[in-house]
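Notes follow the structure.
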Ligand code: PLI
């Protein structure tokens, strides 16, 4: 049997339709071969993202009815504040509409023009919010993270030699802060170990550097620590989370993932100065400091979801469902990133479509081909996502050219996973017939959301 059965039963369902083969061909052409531009109605199984796509529990829906929509002092904010204290251990919270709102406030406060932000692999919105105030993000993740086949158990770890190299090159005063992502998204949902975080704190203390986490998928990271790191085999997830966060000065957080909600975000910190500075900015960009762009009911759902999403039995089911899909593909030799990550299965497009040159965008091509085959919507995570070098304007071709099959939380069954695997396996069998793409429209920021392509004959 595959893992535990779902630790819930289904109370409400939403019908989905499988569009005809002809409609799928039209729909992806109309969308410029960009899965972000497909209409949701044309999608059968939506594995675009795990962000804002979770199914809420009856407890969260009940909380929605207790929304206190007062402009100031909503009681739901204080519930959220308390949940963050209890689960993550931070004293101070600033709510935002979603994760990038928190990145904007935190990074525009901490980054001065010309400064460097070392991070264990970039994330798209994080990179932009470091660059907008004049900073530059540099990569400090271990080499194994760039190798899809490495089975290192903590591919999200920071490489101290790389970090030291940046300090030696630029000087510690040029480092705005050290940024660490949990369960690194672009590396394939790969965790950071507790040992690595503990050592990082010691290292940064020597240079008086602040550490800011992107704690967006920290609960899933905590599950991997419990599963893989000696000494944590029976530690409650909340204790693991609190220890992780104790090594940081603060975090940004997109609630749309581990908190099992459709919208929301926050930044949280142990540092009163960061708190006071960002709390004064939140009112300019997001809303009052007791709602930050969220409705009271949404804050209540986040508060409840943060606690629910940190329950061991839930996380065990969650991680094992992602693993189930990955193992169906590994069994028949489809090239995917190993180990299977926390939130998604990532196809290695360079191995899947080795006949396509990088500037024919293998991952973008493969995501389009999967949609055409089965109406399963996935997402490119490679050169289109990476964008251009901010100094030279040239395309950057990262080692990882991936297609992400992202599993929404508590939404799909294992039969949906089997249908998806069948489509990917089917395409793998006829991979030589798949032609590449030409980019015909490129927006200035975060191009992967809106770029358009045409099929090459
Ligand atoms: O989508 P937001 O603005 O709530 O959060 C931005 C964000 C920040 N950090 C990380 C690690 C993310 O994964 C992230 C958003 N991720 C999306 C939308 C995704 O599809 O992965």
What FRET efficiency do you get for residue 327 and residue 441 if R0 is 30 Å and r is their Cβ-Cβ distance, rounded to the nearest 0.05?
0.20
Arranged from highest to lowest average of other beta-carbon atoms within 10 Å per residue, in what order do the peptides 120-126, 84-90 appear?
120-126, 84-90
Can you tell me how much longer the chain between residue 316 and residue 422 gets when fully stretched, taken as 0.36 nm per residue apart minus their C-alpha distance, in nm with one decimal?
35.7 nm
per DSSP, antiparallel bridges as share of beta bridges in the chain, % nearest 5, sits at 65
Could you state the number of Å between the C-alpha centres of segment 175-193 and segment 307-366?
18
Rank by packing, highest mean first: peptides 315-322, 247-254, 15-22, with packing defined as the count of other Cβ atoms within 10 Å averaged across residues.
247-254, 315-322, 15-22
Counting alpha carbon pairs within less than 8 Å and at least 6 residues apart, what relative contact order, in whole percent, applies to the chain?
24
At a Förster radius of 22 Å, what calculated FRET efficiency corresponds to the Cβ-Cβ distance of residue 235 and residue 199, to the nearest 0.05?
0.70
Does segment 85-217 come out rounded, prolate or oblate by the C-alpha gyration tensor, with a ≥ b ≥ c the root eigenvalues, rounded set by a/c under 1.5 and, if not, prolate when a/b is larger than b/c and oblate if not?
rounded
Residue 22 versus residue 86, label points 7 Å from Cα toward the beta carbon: distance in nm?
5.6
Round to the nearest 0.05 the FRET efficiency obtained for residue 164 and residue 394 when R0 = 30 Å and r is the Cβ-Cβ distance.
0.60
Describe numerically, in nm with one decimal, the distance between label points set 7 Å from Cα along Cα→Cβ at residue 13 and at residue 457.
4.5
With 0.36 nm assigned to each residue of separation and the Cα-Cα distance removed, residue 65 to residue 414 gains 122.5 nm
Taking a ≥ b ≥ c as the square roots of the eigenvalues of the Cα gyration tensor of segment 36-123, is the shape rounded (a/c under 1.5), prolate (a/b larger than b/c) or oblate?
oblate
With n ≥ 4 as the cut-off for DSSP H runs, can you work out [θ] at 222 nm for the chain, using -39500 (n - 2.57) per run divided by the number of residues, rounded to the nearest 500?
-12000 deg cm²/dmol
With both bridge residues required to lie in segment 190-320, what share of the DSSP beta bridges run antiparallel, to the nearest 5%?
60
Looks like segment 109-184, by Cα gyration tensor root eigenvalues a ≥ b ≥ c and the a/c under 1.5 rounded cutoff (else prolate when a/b is bigger than b/c, oblate otherwise), is oblate
By per-residue mean of other Cβ atoms within 10 Å, what is the highest-first order of 328-339, 96-107?
96-107, 328-339
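Values quoted throughout were computed directly from the atomic coordinates according to the rules given, and no laboratory measurement underlies them. Predicted model, so just to flag it, every value in this text is computed and none were measured. So basically every Cβ, Gly included, is an ideal-geometry build from the backbone, and we count neighbours across all protein chains shown.
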